[in-house]
Ligand code: APR
């Protein structure tokens, strides 16, 4: 039975098969959750990322988790919010879809996401959470393999918005 959970937690602490990193196109580290993951995984992560030679916005690439509890990290690059008329929604949806696809192809069963693009990249949190919940729900309804998805929330607004989006989807019975 697949499940979606919303937790107020530091994603680097989660014992799942893969945690998702909200990276930038270089994959060479940065701030926010990217910095936290690199700090927790250790310097070997940067060496592994250098080999990947970057990542296009909306795409996803995988590395080991090194010193993390999670054996894998899936790096994806969200869109920078530029007002909503430059394909941002489609690119953000692709981040979730391609990360789940990659995890499924690797035979992973549990994955944790941060709120991609909701920090430095400035995506409006409500709209981003709608996309996140829609893509994860659709993927899990149409593919086997992934049994657990955790949304790791680092601020209250993200947790509130995700919870509302999920409750709307699950309907009054939930
Ligand atoms: N665990 C879970 N979530 C976290 C953590 C953490 N340890 N640290 C930050 N977050 C949350 C933020 O609060 C935000 O809701 O992750 C979400 C995404 O924020 P950013 O990390 O700023 O990522 P993003 O908006 O996608 O911008 C990506 O920022 O850090 C740089 O290198 C990164 O250039 C890239 C850009």
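Some observations on this one:
- Spin-label model distance (nm) - residue 25 vs residue 155, 7 Å beyond Cα toward Cβ: 2.5 nm
- Beta bridges by DSSP in the chain, antiparallel share as percent, to the nearest 5: 20 percent
- Here the stretch 93-161 is treated as a Stokes sphere of Kirkwood radius computed over C-alpha pairs; at 20 °C and 1.002 mPa s its diffusion coefficient rounds to 173 µm²/s.
- Residue 10-residue 53 pseudo-label distance in nm [points 7 Å out on the Cα-to-Cβ vector]: 3.5 nm
- Of the residues 103, 40, 60, the one that moves most in a GNM of the chain with alpha-carbon contacts below 10 Å is 40.
- Debye log10 I(q)/I(0) for the chain, one point scatterer per Cα, at q = 0.09, 0.13, 0.19, 0.20 Å⁻¹: -0.26, -0.56, -1.28, -1.43
- Computed over the chain: relative contact order in percent, which uses C-alpha pairs under 8 Å that are six or more apart: 29 percent
- The GNM of the chain, with springs linking C-alpha atoms under 10 angstrom apart, assigns the highest mean-square fluctuation among 38, 143, 75 to 143.
- Normalised by 2.2 N^0.38 Å, where N counts its residues, the alpha-carbon radius of gyration of the stretch 1-100 equals 1.07.
- Taking 0.36 nm per residue of separation and subtracting the current Cα-Cα distance, fully stretching the chain between residue 143 and residue 3 would add 49.1 nm.
- Peptides ranked, highest mean first, by Cβ atoms within 10 Å: ranges 146-156, 16-26: 16-26, 146-156
- Cα gyration tensor of the stretch 45-133 - equivalent ellipsoid semi-axes, whole Å, descending: 23, 14, 12
- The calculated FRET efficiency for residue 35 paired with residue 170, based on their beta-carbon distance and R0 = 41 Å, is about 0.75.
- DSSP beta bridge pairing in the stretch 1-90, given as percent antiparallel to the nearest 5: 45 percent
- Normalised by the number of residues in the stretch 90-174, the average gap of Cα pairs under 8 Å and 6 or more apart makes the relative contact order 37 percent.
Every number in this text was worked out from the coordinates using simple rules, so none of it is lab data. What you see is a predicted model; the values in this text were computed from it and never measured. As a convention, Cβ positions derive from the backbone with ideal geometry for all residues, glycine included, and neighbour counts pool all protein chains shown.
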